[in-house]
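Reviewing the structure listed below.
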């Protein structure tokens, strides 16, 4: 591919102490078979292992693809948005793909398939796909594998409650993302990319398994317990709703509040925090907007297993 051709896809890859995994990640990038030019911005956030050395190795071997950035001081835990600003300032592609340094792509045609779709569907801003999960010993199906066996279109309002837009599956139209808006959030997550890409547009889900999500103890997200994950998600949607107070976000905010409440109310170490838990529940109730929300809030008063049954039965 000629270096004079414009970059069509920019991949953003954040890495921190991923020395045991990042070769597989970078191999997934350089093995992509495309009829267009693409690049991978690989940001090492002051790793203390050999992650930076491996990135340098690949950057030297594939200088037209791997574009490295190295930190001498960790930036992620400062929560100051500098990493997003680095990626934004250096993104040249019409399309943006994302893959963290511990996940990896398994289909060499992933980018080609996704670009072909968005190029032929200008009314879509986002395309995602199925994936599998690897825990270091064995592979398992994604939570959506059996649930969605046919491709489909969606908006943010119709986005399934089971999160189908896993970061490593995404390809977004870069023009759909306004970084001045994205930088206003204190919690930066893929939710914001998905919400703003789908704002006034559509997304498309492909059923092909084209990537693997790795679960390990060092993962920024997977290392947290359920209550911590619920708390983070609750804070994220509460902040998003403060900026985007529409019905679709309200429902996500209500759902996240109920999940956080439910985990605390039925947790062995947190059930007795009655006052705090009650405040969360009434916060969820204040966001009821239709009859299904009432059913969902009632479901929040019972253990999670019964909540899932209610969601499945009433298709909420």
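Helix content alone sets the calculated 222 nm mean residue ellipticity of the chain: runs of n ≥ 4 DSSP H residues at -39500 (n - 2.57) each, divided across all residues, give -11500 deg cm²/dmol. For the chain, the pair-distance distribution built from all alpha carbon pairs, in bins 10 Å wide starting at 0, is 5, 25, 34, 24, 10, 2, 0 percent. A protection proxy built from the mean count of other Cβ atoms within 10 Å ranks the segments 275-287, 17-29, 87-99, 134-146, most packed first, as 17-29, 87-99, 275-287, 134-146. Computed from the Cα positions only, the extents of the range 126-200 along the three principal axes stand at 41, 28, 20 Å, in decreasing order.
A quarter of the convex hull surface defined by the alpha-carbon atoms of the range 226-314 gives 5.4 nm² as the mean projection. Between residue 286 and residue 30, the distance separating the two model label sites (each 7 Å from Cα on the Cα→Cβ line) works out to 5.4 nm. Of all DSSP-defined beta bridges confined to the chain, some 35% are antiparallel rather than parallel.
Once you sort the root eigenvalues of the Cα gyration tensor of the range 1-52 as a ≥ b ≥ c, which label holds: rounded (a/c under 1.5), prolate (a/b larger than b/c) or oblate (the other case)? Prolate, because a/c is 1.5 or more and a/b exceeds b/c.
Bear in mind these aren't lab numbers, they're just calculated from the coordinates by the rules spelled out. As the structure is a prediction and not an experimental result, all values here were calculated from the model. Here Cβ is always computed from backbone atoms with ideal geometry, including for glycine, and neighbour counts include all displayed protein chains.
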